[in-house]
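A quick write-up on the structure given underneath.
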Amino acid sequence: MDRIEKVIIASAVVLLLVFFGAIVIAATGYGVDVPTCVTDRKPFTEGRAPFKTSDQPLRYEAHTVARMWNFDPPEITIPPGAELDLYLSAADVVHGYFVEGTNINLMAVPGAVTYQRVKFDREGTYRILCHEYCGTAHHLMAGTIVVSQAAMEEQQ
Ligand SMILES: [Cu+2]
């Protein structure tokens, strides 16, 4: 084996170890979580507005259905500092679920439920966009997540 080949193989092994270490550090040190497909929930075709599931920690759960060409419910309102358990399904074709300014990026797949737990610390309005081409009105498919204490108090 040529010396250059040995150097390239050794470099590749070092890079593999560095990347694997970065994944382990991200998962354990920074809490980076990969969205998962859950199997203990039946796929649903009706959305459900957020409801509180826990006070300590403050936690809400929302069920969103993506369909041509909207999200049901179109708006999710939670208070700042709350964790949101987001369950997502699709009623017709594959859609995407991307929330601007966050790391929320899910696939909505018919017959499956995807899940991600997220926490919003800052108040604001976050736009939800479909990022999978799903038909002629795909570009109009949007929703919002409103993180606001005042909006929560208005609802009660
Ligand atoms: Cu779409």
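The set of residues in the range 116-136 being more than 16 Å from the ligand (Cβ to nearest atom) and surrounded by fewer than 17 Cβ atoms within 10 Å (Cβ to Cβ) consists of Arg117, Lys119, Asp121, Arg122, Glu123, Gly124, Thr125. Among the residues that make up the range 48-67, is at least one of them more than 28 Å from Gly31 (Cα to Cα) and surrounded by fewer than 18 Cβ atoms within 10 Å (Cβ to Cβ)? No, that holds for no residue.
Rundown of residues vs (1) within 16 Å of the ligand (Cβ to nearest atom); (2) modelled with pLDDT under 90, yes/no style:
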position	(1), (2)
Tyr30	no, yes
Pro35	no, yes
Asp40	no, yes
Gln56	no, yes
Ala62	no, no
Met68	yes, no
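Taking the stated definitions as given, is Tyr87 closer than 22 Å to Asp33 by Cα, within 11 Å of the ligand (Cβ to nearest atom) and surrounded by 20 or more Cβ atoms within 10 Å (Cβ to Cβ)? Considered against the rule, which asks whether it is closer than 22 Å to Asp33 by Cα, within 11 Å of the ligand (Cβ to nearest atom) and surrounded by 20 or more Cβ atoms within 10 Å (Cβ to Cβ), Tyr87 comes out as no. When restricted to residues that are in contact (Cβ under 8 Å) with a residue 12 or more places away in the chain and either under 15 Å from the mean Cα position of the chain (by Cα) or part of a loop (DSSP other than H, G, I, E, B) (or both), the range 51-74 contains 14. Residues of the range 137-148 being more than 14 Å from the ligand (Cβ to nearest atom) and either assigned to a strand (DSSP E or B) or more than 18 Å from Arg59 (Cβ to Cβ) (or both), which ones? Scanning the range 137-148 gives Thr144, Ile145, Val146, Val147. Going through (1) closer than 16 Å to Tyr97 by Cβ; (2) more than 16 Å from the ligand (Cβ to nearest atom); (3) among the aliphatic types (A, V, I, L, M) one by one, Ala151 falls short only on (1).
The values are calculated or read from the model by the stated rules, or taken from the named source; none is laboratory data. What you see is a predicted model, and the numbers here were worked out from it, not measured in a lab. With ideal geometry, Cβ positions are generated from the backbone for all residues, glycine too; neighbour counts draw on all protein chains shown.
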